[in-house]
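Here is the structure we will look at, set down as structure tokens.
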Amino acid sequence: MRSLLFVPGDSQKKLQKGLESGADALILDLEDSVSLDAKPQARALTREFLNEAGKLARRPRLIVRVNALSTGLTEADLDAVMPGAPDAIMLPKAEGGPDLTHLAAQIAVREAESDFADGATRIIAIATETGKGIFALGSYAGASHRLAGLTWGAEDLSADVGAETNRLESGDYTDPYRMARSLTLFAAAAAQVDAIDSVFTAFRDSEGLRAECLAGRRDGFTGKMAIHPAQVAVINEVFSPSPEALASAEAIIALFDANPGLGVIGLDGEMLDRPHLMRARRLKARADRLG
Ligand code: COA
Ligand code: MG
């Protein structure tokens with residue numbers, strides 16, 4: 001998944017627009033973009049949307065962001081949306097492996113009630129929204145086979161730590177958020193799941209978005225969350241392996257295939273060894289998945 005577009009779960013209009021956005025996934029939101037009063041209505045509308053959109057032959061992945069476990073709202077969210085067979089549940093304010101196994105158990109019960117295959121519903125965790133969450137980043141590895149990706153958030157984290165801002169005037173993140181971003185990459189690698197980059201909230205600034213996408217791709221993120229349909233095309237473009245990158249990866253793989261006894265090979269004046277081969281294989285696998 002390159003682009004994951006947030007759509008407030010209480011907006012019929014945005015849900016429809018989301019379908020036409022070209023996003024690889026929609027994150028149907030029951031959490032922060034929906035007021036407390038509107039939660040029941042958002043649950044009902046989201047469920048209806050899952051039923052309808054789920055029938056389409058070509059559709060984005062459908063992910064539901066439920067409310068955090070600490071709110072006491074999560075189970076009612078799951079009761080409403082699980083019969084609509086979402087592809088994944090996004091857990092905000094996640095604080096490590098124990099939260100993951102807790103949510104996985106709640107999902108498993110509802111899969112059984114709806115007669116869905118056990119494990120059909122994946123989980124994506126937003127793993128850096130609290131200080132406590134930061135210290136738990138190492139505990140996702142091995143906690144649940146449902147985990148499909150880890151992502152990070154700077155807005156709630158700055159509220160949790162009491163920061164005045166999370167970006168410098170240049171637009172770059174301040175140190176605490178750069179660290180949260182880096183730790184998310186390591187946590188995702190440890191858990192062997194996708195690292196998904198956080199949102200870029202200035203939705204009219206497409207050059208700023210592109211720069212952040214390029215930096216994300218460079219560092220190992222495989223996709224990025226969006227908050228506005230106008231962001232989808234840029235994200236899809238940057239996170240699609242380019243023909244040149246694919247050709248280079250294929251050349252490296254072919255070279256190692258042709259020389260099975262060699263651990264290190266020279267190509268165009270560069271030393272290539274195992275990490276280069278692994279990187280090439282990952283890029284090729286990603287390109288194959290995108291078709
Ligand atoms: N998903 C689907 N459609 C969206 C959308 C989204 N995330 N954001 C905007 N649109 C639609 C608008 O409804 C509008 O439709 P229209 O042309 O039929 O009127 C069109 O795209 C253009 O929107 P625009 O006028 O540029 O923006 P806006 O002022 O209506 O909305 C936001 C701005 C930020 C409120 C809106 O983008 C939004 O709701 N984003 C998601 C917020 C969210 O989920 N946050 C939680 C995660 S951080
Ligand atoms: Mg939030």
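List of remarks:
- Condition check for GLY142: of a type outside the set (D, E, K, R), at positive phi and free of Cβ contacts under 8 Å to residues at least 40 places away in the same chain: no
- In the range 132-178, the residue that is farthest from ligand 1 (Cβ to nearest atom) out of those that are more than 21 Å from the chain's Cα centre (by Cα) and surrounded by 15 or more Cβ atoms within 10 Å (Cβ to Cβ) is THR174.
- Flag not set for LYS39, criterion: within 13 Å of ligand 1 (Cβ to nearest atom) and either among the hydrophobic types (A, V, I, L, M, F, W, C) or assigned to a helix (DSSP H, G or I) (or both).
- Of the criteria (1) within 17 Å of the chain's Cα centre (by Cα); (2) surrounded by fewer than 16 Cβ atoms within 10 Å (Cβ to Cβ), which one ALA105 fails: (1)
- Options LYS284, LYS224; residue that is within 29 Å of THR184 (Cβ to Cβ), open to solvent by less than 40 Å² (accessible area, probe 1.4 Å) and charged (D, E, K, R): LYS224
- Residue within the range 1-18 that is free of Cβ contacts under 8 Å to residues at least 40 places away in the same chain, out of contact with any strand residue (DSSP E or B) (no Cβ under 7 Å at 6 or more places or on another chain) and within 15 Å of GLY84 (Cβ to Cβ) present: no
- The single condition among (1) within 24 Å of ALA187 (Cβ to Cβ); (2) within 11 Å of ligand 1 (Cβ to nearest atom) that ARG2 does not satisfy is (2).
- Yes/no for GLY22 being in contact (Cβ under 8 Å) with a residue 40 or more places away in the chain, within 12 Å of ligand 1 (Cβ to nearest atom) and open to solvent by less than 10 Å² (accessible area, probe 1.4 Å): no
- In the set SER240, SER198, only one residue is open to solvent by less than 60 Å² (accessible area, probe 1.4 Å), within 16 Å of ligand 1 (Cβ to nearest atom), in contact (Cβ under 8 Å) with a residue 24 or more places away in the chain and under 16 Å from SER3 (Cα atoms); that residue is SER198.
- Filtered residue count, the range 56-82, keeping only those that are open to solvent by less than 10 Å² (accessible area, probe 1.4 Å), farther than 20 Å from ARG2 by Cβ and either touching a strand residue (DSSP E or B) at 6+ places or on another chain (Cβ under 9 Å) or in a helix (DSSP H, G or I) (or both): 7
- The conditions of being under 22 Å from TRP152 (Cβ atoms), open to solvent by 60 Å² or more (accessible area, probe 1.4 Å) and within 15 Å of ligand 1 (Cβ to nearest atom) are met by ASP32.
- Candidates ALA94, ALA112, filtered to the one that is more than 17 Å from the chain's Cα centre (by Cα) and either surrounded by 22 or more Cβ atoms within 10 Å (Cβ to Cβ) or in the same structural domain as ASN166 (by TED's automatic domain parsing) (or both): ALA112
- Residue match in the range 123-130 (condition: open to solvent by 30 Å² or more (accessible area, probe 1.4 Å) and free of Cβ contacts under 8 Å to residues at least 40 places away in the same chain): no
- Qualifying residue in the range 6-14 (condition: surrounded by 22 or more Cβ atoms within 10 Å (Cβ to Cβ), in the same structural domain as ALA108 (by TED's automatic domain parsing), more than 14 Å from ligand 1 (Cβ to nearest atom) and farther than 29 Å from GLY220 by Cβ): no
- Of all residues in the range 104-129, exactly one satisfies the criterion of being assigned to a loop (DSSP other than H, G, I, E, B), closer than 17 Å to LEU185 by Cα and either more than 16 Å from ligand 2 (Cβ to nearest atom) or of a type in the set (Val, Ile, Thr) (or both), namely THR128.
The values are calculated or read from the model by the stated rules, or taken from the named source; none is laboratory data. Keep in mind that what you see is a predicted model, and the values were worked out from it rather than measured. Here Cβ is always computed from backbone atoms with ideal geometry, including for glycine, and neighbour counts include all displayed protein chains. Just the protein is used for accessible areas: all its heavy atoms, side chains included, with ligands, DNA and RNA removed. Shrake-Rupley method; radii C 1.70, N 1.55, O 1.52, S 1.80 Å.
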